[in-house]
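Worksheet: the structure to be examined is printed underneath.
The values are calculated or read from the model by the stated rules, or taken from the named source; none is laboratory data. Model, not experiment: these values are computed from the prediction. Please note: Cβ atoms are built from the backbone with ideal geometry, for glycine as well, and neighbour counts cover all protein chains shown. Only protein heavy atoms, including side chains, enter the accessible area calculation; ligands, DNA and RNA are left aside. Shrake-Rupley method; radii C 1.70, N 1.55, O 1.52, S 1.80 Å.
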Amino acid sequence: MTILSKFLLTNRVAIVQGAGSGMGKSVARSLAEAGADIVVAGLNVYDKSKTLEDLEAVAAHARTVGRKAITVAADVRDSQQVADMVEKAMTAFGRIDILVNAAGGSFAAPALEISDNGWDAVLRENLKSVFVCCKAVGKVMVAQGKGSIINFASMAGRGSSAGNAHYGVAKAGIISLTQSLAEEWGPYHIRVNALAPGTMKTEGWVRVQAQWRGRQEADIMKNIPLGRLGTSDDAAGLAVFLASDAADYITGQTINLNGGERGYYS
């Protein structure tokens, strides 16, 4: 096996939840380009204009690069819908090699203004969804004796997240969950890692950014040594690496993806 071949995902099967837009969409497209068959899953609870057609567009791209793909509209906060998603994946492909948990969202609010319902909603959307999907797919991977799980955390979970404390707590929980599952499932050759994006210019970021007071894009970039905001493609490259055999000795890690951003999250 050459070094370049270790980065290929030929004939592997990946579930990407949150694949209808943003970083999840780019990850799903890139996994297919690297050789994986794709289960394109998601259900946008914030933007009702997002439909199954958005998932199907991602699946269509996978097919154009020679891969198989199915779409599954699933609320990944719900255990039964996730179980149905896994069953559909197994019926279509017979195995699951990669799980990417990319769904998430939040709203900006000072801690004193976060309602109980708001707190619960953000933790359910970001943290519970990851646990539910990991548990359901983990059972399949344990039986297989191999797998790679990639969770989307955030730099907000690495330190303070003033004005978005509920989101920071949820993402910190993902980091802890990633470490726990990596230890529990390591003996089954299941690797569990996380990405911690910094300021990424995605659809979700644009929505939340509109709620912030006084944090302009130019001001943010002053704290990023690489001089730009991150993109969905930046996240996709790291996800493909973590899914591949090139990362075969990496587990339990949360990798910062922030261009060296200083000062905001800690």
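A few remarks follow.
Yes/no matrix, rows are residues, columns are (1) open to solvent by 30 Å² or more (accessible area, probe 1.4 Å); (2) among the aliphatic types (A, V, I, L, M); (3) modelled with pLDDT under 95:
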| site | (1), (2), (3) |
| --- | --- |
| A109 | no, yes, yes |
| S115 | yes, no, no |
| A121 | yes, yes, no |
| K135 | yes, no, no |
| V140 | no, yes, no |
| F152 | no, no, no |
| A162 | yes, yes, yes |
| A170 | no, yes, no |
| S176 | yes, no, no |
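- Every residue from region 2-25 that is under 22 Å from V82 (Cβ atoms) and not in a strand (DSSP E or B): R12, G18, A19, G20, S21, G22, M23, G24, K25
- Only residues that are over 11 Å from T199 (Cα atoms), in contact with a strand residue (DSSP E or B) (Cβ under 9 Å, 6 or more places away or on another chain), in a loop (DSSP other than H, G, I, E, B) and open to solvent by less than 60 Å² (accessible area, probe 1.4 Å) were counted across region 220-266, and they come to 4.
- Among (1) touching a residue at least 60 places away in the same chain (Cβ under 8 Å); (2) open to solvent by 10 Å² or more (accessible area, probe 1.4 Å) - the single one I98 does not satisfy: (2)
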